[in-house]
Every structure is written in C-alpha cells, then in structure tokens.
1. Taking the Cα centre of the stretch A:9-302 as origin and charging only Cβ (+1 Lys, Arg; -1 Asp, Glu), how large is the dipole, in debye to the nearest 20?
2. By what distance, in whole Å, do the Cα atoms of the protein assembly as shown stretch along each of the three principal axes, largest value first?
3. Could you please put B:176, B:77 in sequence from largest to smallest accessible area, using a 1.4 Å probe?
4. Compute the long axis of helix B:2-21 from its Cα atoms, compare it with the longest principal axis of the Cα atoms of chain B, and write down the angle in degrees, 0 to 90, nearest 10.
5. Just going by the charge dipole of chain B, with Lys and Arg at +1 and Asp and Glu at -1 on Cβ, which of B:109, B:54, B:157 is farthest out on the positive end?
6. Roughly speaking, what % of Cα-Cα pairs in chain B are separated by over 24 Å, rounded to a whole number?
7. Need one number: buried accessible surface between chains A and B, 1.4 Å probe, both sides summed, DNA, RNA and ligands left out, in Å² to 100.
8. Taking every residue in A:282-292, how many Cβ atoms of other protein chains lie within 10 Å of its Cβ, on average?
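The values are calculated or read from the model by the stated rules, or taken from the named source; none is laboratory data. Being a predicted model, the structure only gives us computed values, none of them experimental. Glycine gets a Cβ as well: all are built from the backbone with ideal geometry, and neighbour counts include every protein chain shown. Only protein heavy atoms, including side chains, enter the accessible area calculation; ligands, DNA and RNA are left aside. Shrake-Rupley method; radii C 1.70, N 1.55, O 1.52, S 1.80 Å.
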Amino acid sequence: MDRRKFLQQTTAATALATVGGISFASFAKKKKHITILHTNDTHSHVEPFEPTHHRNPNKGGVAKRATLIEQIRKENPNTLLLDAGDIFQGTPYFNYFGGELEFKLMSMLKYDLATLGNHDFDNSIEGLYKQLPHAKFNFVSANYDFKNTVLDTHVKPYQIFVKDGIKIGVFGLGIELEGLVHPNMYKETKYLDPLEITQDMTRILKEEQQCDLIICLSHLGYHYRNNSTLISDLKLAKATKNIDLIIGGHTHTFLPKPTVVKNSDNQNMLVNQVGCYGINLGRIDFYFDEEKNVTTGGKSIIV
Amino acid sequence: MLHYFKRISLIFCISLLVLSCKKEPYIITKITAKTIAIDTTIAAENSITKTIAPYKKQLLKEINTVLSYTSKNLVRTDGDLESSLGNLLADLSYQKANPIFKKMTQQNIDFALFNYGGIRAGINKGKVTNKHAFELMPFENRYVVVELSGEKIEELITYLIQENIAHPLSKQVQLTITKNGFELQINGQKFNRNKSYHVLTTDYLQSGGDRMNFFKNPLKKYNLDYKMRDAIVDYFKSVDTLQSKLDGRFKKN
C-alpha cells in the first residue's frame, strides 16, 4: 500500500516538473514499440541437449539464449524479459547447486521479472529463499500468500515498468501447490483463488495505475482437456478483462503461435507458452499510439 | 487581495497536479508474435559459457564419484516377473525406509512395490557412480507407506498378475501364479484377507501413477519425506559391491 502511494506521488512530481514540455511532446505523435521476450519451465537446462538426444538434439542452452536476447535488445532497447516459473529442477545442476547457477545466469541475461512454479519449491521454501541473493530480478505472485513464510515481503503481487513512456503492469499467478508439492516444502504458503485475485490485479493495474499494457505471468497451465474444473490460462483469459497477454507455463505446451482469446469484454487478447527446457524463446511485439491519434477502433493482431 | 491571489494560485497548482496526474493513454494498434527456436544457428555467448564452466567441472567430478561396484550388468529385463535391478531397488528401498517408518509408528513395513516403468536405466558392470543413481531415478519421487485392506491387497495382486511384467517387488513377498489363481505369502505368513498391510511405494504411484489405483484412498498414509534417489545413493555408498539375484519371489507355476 505504502509503495503504491509512493509510486503515485513520484509520478505526479515528475509530471509537474515537465509540465512545460507537454504540449510540445504531444505534437510529436510518437508511436511506441515494446518487445516482450519470455521463457517458461526452463528446468535447470543450463546447457543445450546432447547431440545424441532422442527428441531435442542440440536444442536450448542459456549461452545461446543470451546471444539471441542481446540481438533483440539491440534492435529494440524497450524490451522486457520475463519467465513464467519452474526455473528449478531437471538436471543435476539443480541437485548439486540448488538453483544458484540458474539464478546467476538469468541475472546475466538481465531478466526483468519471473513468477514461481511448483518445482521452484522442490528444495523447500527455505531452499528458494537461500538462492534469492543470486537473482538480480524480482519475483511476482499475486495468489500465493507468503505472510507466514520466509518469502514474506520478498515476493510482490505485481511490478510496474515504464519503457519509453509506456506503463507496463505485470502480475504473477501460481498453481495450487497441494497435491503437487509436499506440504513440508511449501510450508504455510496459502493459495488464493486466481480468478478473484486477477479481478483485483486488473482493477489496480488498469484503473488505479493506468497501465498501457497488462501482462499476467502464470504458472497455472495452458489448458486441461480432461479436467474442466481446473483453472487454466485459457479459462482465466475468457473469464477476465483488461489483460493484454498471459505468458503461461507448467503444462510444457509448445504453442506454434500465441492463442487469440476473446475476454469477458469481448476484446481479443493473447495467451502464449513456449514449451520447456529453454528450447524456445517467445517474442511478442506491441505497437502503441496515443489514444487521440487512433481513429479506427481495434488493433491488428498478426500472429 | 493578496490572500485571494494565493488562493487562486493554490487552486491552479492543484488542478495542474490533477491534470498532469492523468497520463496520456496509449492504445495498442498492432501486435506481432513469433516463437524463436534456440538451436545451432545461434552462437553461444562466451561470458555465459565461462560462468557455467566451473560449475560444470565440479558437477562432473561429483557425478562421477564412485559409490559402489557391480560385477554384473543390473537390468530390468533379465527375468519374466522379476529382475535383478527391480529386486535390488525394491529391497534397498525397504531396507532404507523401514527404520524411518518404524521410528514413526513402531510398526514394520510389510513389503515394497514400485513400477517397472519407473526404472529409467540399467547399471553396467563396473563402477557405480552418482550418475547411475540419477539415470536410474531422475524424478524427485518420495517414499510413502500406505496401510491397505486385505481386499486392496487382492486388487494389487490381480494388477500384478494382469500386468505380467517385472514390477519391482521386495523380497518379503512370495507370489506364485497357479492354475486356479495365486498363492501369496507375506513375510513367511499366508496372506490373510481380513488383515491390513503396510506397503511402501512412492508418492507418484500412490496418487494413481501407472494405474496403480489400489494405492489411492488407503486406510492410512504416511509420508516419509525421503526421496527415492537419496535412498539409492545412501544405499550405494553403504555397500562395496551391489548384490542382486533372481530368487523367484514372483513366479508362474
């Protein structure tokens, strides 16, 4: 709460200081371009798969991902790099070093933000906490209540970025841990209903914070064909409004392109997921114009 | 008069503040997307490779640490209804888990059952390392003990007979498929369907993995908070040479 007030006050002060320039800036009619890069379920796959691997020979590898991300950042400096969870577990690098290397490398790649997957609790919530100093990026989760755990205050519900004057709000959602993770591991982490929390988050980010772009980093899973009661990214997308993009994880779904979904406001939005193990990097480019310059309604989605 | 001006300018300031607070909204006009494969067309960033290197070196050292030795290949395919590797896995699990369960409940585990598909790799003749333990058990499965009714044990046996493959079963079980059905002894005692039994398995199988549905909804369930891979490593460290043979614990007459 205090943090939000602080943010509002800061914004007001900055705007006041530059008030003389406003009319000049508005003549510029500057179009804006934001690039979102994302991964999910990298599962400690630090190195590429072996050339002899039966499914993914030579695929993936953090060093190659770094090169690609750097190229894209050169092309557009207004880029955010996000991860949708399950950074941990899957190669002996995790078993021997507890996630230290994964976080160090992600920091070198200048990840901006991540959410938590169920496997990120595999060394218990203390095991995750212990590795946080190696992460030079933040974690967001709006529906895990960490109040009675070591992660209290270390994980925020959302984070706001301003890139080239575009305000981007990103909030996190985690999957129900019961049944997936041993209770000794997640301790007193409370799971809150993702749908209800999303309604709060979109209200805060859209109405209070007036974000131009709202992204949900989700580890709920893309879709559960055999269980219609389970919440998933597709369900959440249809049942809510004001989210522009859900970046998903957990189900290791290799989407050839993002799914366009009509939200509860009958607006098109995107759900994406790029498989697992760092085999792919997702890239989504958003182009903006000032509201007064936009004559035709609607946006063109070319995917 | 001065007062009046002060007031005006204050109002002006406030209204300016409110106006400037309301930021000019931007509208999304176009979205494009693509999924980019990380493959051999992309060069590796040197600083990342350099950061990984010392970890990799230590990992290789750790992973190649010799824990034990085997004088023969241990595989899951050297018998019909049992295997050298399956027997080893089930028996070492019982041996490592029973003391924990006993401390917890003052009772003994009756037997252990896992799945054939869960044995992910064999161990070749020679030195046995951490790598073998990881390849044998790459998952983070933990031991659980379930108390099953006699009826559920019958379901379990029916499943084993129908499956007709070498699911890892510990040596406390003596199961023979006969013309008329089966003969079953547990810990040298004839199976009693009015009695309940404590069975060791993993959390994965207990939740219905590999269609072992008899493990669901047990009379009681105990989480041992002990990973199967950790037990394998602990056991390998504790013996000079791995010993395992086919002993006819599950056979057809």
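1. Details: 31 positive and 32 negative charges, 194 e Å.
The dipole magnitude comes to about 940 debye.
2. On the principal axes, the protein assembly as shown reaches 109, 51, 41 Å in Cα extent.
3. Working: B:176 15, B:77 95 Å².
Ranked from most to least accessible, the order is B:77, B:176.
4. The two axes meet at around 40 degrees.
5. Selected residue: B:54.
6. Result for the distance tail: 60 percent.
7. Working: alone 15850 and 16570 Å², together 27090 Å².
Accessible area lost upon association: around 5300 Å².
8. Details: counts 4, 5, 5, 5, 7, 7, 6, 5, 4, 4, 3.
Going residue by residue through A:282-292 and averaging, the value is 5.
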